[in-house]
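The values are calculated or read from the model by the stated rules, or taken from the named source; none is laboratory data. Everything numeric here is computed off the predicted structure, so don't read it as measured data. Cβ: placed from backbone, ideal geometry, glycine included. Neighbour counts: every protein chain shown. Accessible surface is based on the protein model in full, side chains and every heavy atom, while ligands, DNA and RNA are left aside. Shrake-Rupley method; radii C 1.70, N 1.55, O 1.52, S 1.80 Å.
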Amino acid sequence: MISWTGTIAPMPHPATRALLDWYATKARQLPWRETTDPYAIWVAEIMLQQTRVETVIPYYKHWMQRFPSIHALAAADMDDVLRVWEGLGYYRRAHNLHKAAKQLVEQHEGALPTTKQTLQSLPGIGEYTAAAIAAIAFGDDAVALDGNLRRVFSRLLDLDLDPRSPEGQQRVRAWANDLLPKGQASSFNQALMDLGALICLPRSPRCEHCPMHTWCLAYEHGTQPIRPVKKTRRPLPHYIAVAGVLVQGDKVLIGRRPEDKLLGGLWEFPGGKQEPGESLEQCLERELREELGITAAVGTTIGRFDHAYTHFRITVHAFFVEIKAGKPQPLDHEALVWVPPATLTDYPMGKIDRAIARTLAGGLVR
């Protein structure tokens, strides 16, 4: 019977050695592992937040070609940054990278700080990301607890509480720090990340291939499917919204969203959420009045567009719109521009607005 008691490390050191030996032969070949450049490692860690590795790889490569250094990123226009980021989601990450690069150039001569505490003073770098950068880029003896590591340790210790709860997090962190081999934080963290991504999967873990299964209490007890413990999630709310395509000659109107809002800095077709009791047409007429200061008549439909964000789902109905009175003003946008549909690719957009733009690229048929 395996048990952890007192202040003894949660796993014997042979388990750590088995993990590192496995990593030496099974490590994933990832582009950000081919460099020791702290900037490149920082970019990768930000992109990997809440995003799958396969999705990140092409974005990472394009980003490093376009912005190969902190100085290059700091000098870039925000529209250029968002264009390169478009489709990766969670756009606040791109804003924070750009903002942090400017701060580094102004305050640190364009170099990343080497300590977790100073790293956390930069926009977009929290406790996990600071630990990951410090460990991987600078060899600091730190453990970066992401979802993969929490899952691995929850199973190794057969943890019967949510690892994200204050007590669960404290216990997991203590165990992880006990296991951390001094001077090998980079390999240790990345080995655990790979173990969680390749072997200790959320569903159907491949325990027979795990180098640590000998020391895994969940494997011994048969509790892998119920570890880690998760709190019950509420169903995602579903919103109905509308978008209007205003046409002037051979051009359409788009507005740039305020930077402090969801999808900040991106361009969109004006519109908004439907309120109780409104028809889609009434909703769009109200939104255009509030956002642009115009009276409008809703015309033919363009299509229905669905998307799921982290905390909600949304269905957007897009329509052609005719201006009846007034001139569009940026009452709820940072700027408004009239552009030919063929040039909409020059303007960074969220997924729904990009889908509408692609539909319009075939020609303005009203």
| field | Count of the range 128-148 residues which are surrounded by fewer than 21 Cβ atoms within 10 Å (Cβ to Cβ) and over 16 Å from the mean Cα position of the chain (by Cα) | value | 4
| note | If you go through ARG164, ARG151, ARG155, the only one that is of a type in the set (Lys, Arg) and open to solvent by 50 Å² or more (accessible area, probe 1.4 Å) is ARG164
| field | ALA361, sole failed condition from (1) touching a helix residue (DSSP H, G or I) at 6+ places or on another chain (Cβ under 7 Å); (2) modelled with pLDDT of 95 or more; (3) not polar (S, T, N, Q) | value | (2)
| task | Hey, could you check the range 202-244 for residues that are under 20 Å from GLU167 (Cα atoms) and open to solvent by 70 Å² or more (accessible area, probe 1.4 Å) and say which is farthest from the chain's Cα centre (by Cα)? | result | ILE226
| said: So ALA325 passes all but one of these: (1) closer than 19 Å to ARG257 by Cα; (2) in contact with a strand residue (DSSP E or B) (Cβ under 7 Å, 6 or more places away or on another chain). Which condition number does it fail? | reply: (1)
| message | Give me the strands (runs of 3 or more DSSP E) completely within the range 268-366, filtered to those with at least 1 residues that are touching a residue at least 12 places away in the same chain (Cβ under 8 Å), open to solvent by less than 50 Å² (accessible area, probe 1.4 Å) and not aliphatic (A, V, I, L, M), ordered by residue number. | response | 271-273, 295-308, 313-325
| task | Determine which member of the set GLU278, GLU334, GLU291, GLU287 is over 19 Å from ILE356 (Cβ atoms) and either modelled with pLDDT under 95 or under 31 Å from the mean Cα position of the chain (by Cα) (or both). | result | GLU334
| Subset of the range 209-228 (residues that are in a helix (DSSP H, G or I) and either of a type in the set (Ser, Thr, Tyr) or closer than 16 Å to ARG17 by Cα (or both)) | HIS209, HIS213, THR214, TRP215, TYR219
| note | When restricted to LEU122, LEU149, LEU97, the only residue under 30 Å from MET212 (Cβ atoms) and of a type in the set (A, V, I, L, M) is LEU149
| request: Go through the range 7-77 and tell me which helices (runs of 4 or more DSSP H), entirely inside it, have 2 or more residues that are open to solvent by less than 60 Å² (accessible area, probe 1.4 Å) and out of contact with any Lys or Arg (no Cβ under 9 Å at 6 or more places or on another chain). | output: 13-26, 38-47, 53-66
| field | When residues of the range 168-185 are limited to those that are of a type in the set (S, T, N, Q) and more than 13 Å from ASP141 (Cα to Cα), the one surrounded by the most Cβ atoms within 10 Å (Cβ to Cβ) | value | GLN169
| query | Within the range 101-208, which helices (runs of 4 or more DSSP H) (wholly inside it) include 3 or more residues that are farther than 20 Å from ARG17 by Cβ? | reply | 116-119, 127-138, 147-156, 166-179
| message | For the structure I just gave you, tell me whether THR359 is among the hydroxyl-bearing types (Ser, Thr, Tyr) and over 29 Å from LYS99 (Cβ atoms). | response | yes
| task | For ARG33, indicate whether it is in contact with a helix residue (DSSP H, G or I) (Cβ under 6 Å, 6 or more places away or on another chain), modelled with pLDDT of 95 or more and basic (Lys, Arg). | result | no
| query | Under 7 Å by Cβ, and 6 or more places apart or on different chains, what pairs join a residue from the range 67-83 that is in contact (Cβ under 8 Å) with a residue 12 or more places away in the chain with one that is open to solvent by 30 Å² or more (accessible area, probe 1.4 Å) and not polar (S, T, N, Q)? | reply | ILE70/VAL105; HIS71/VAL105; ALA74/LYS102; ALA74/VAL105
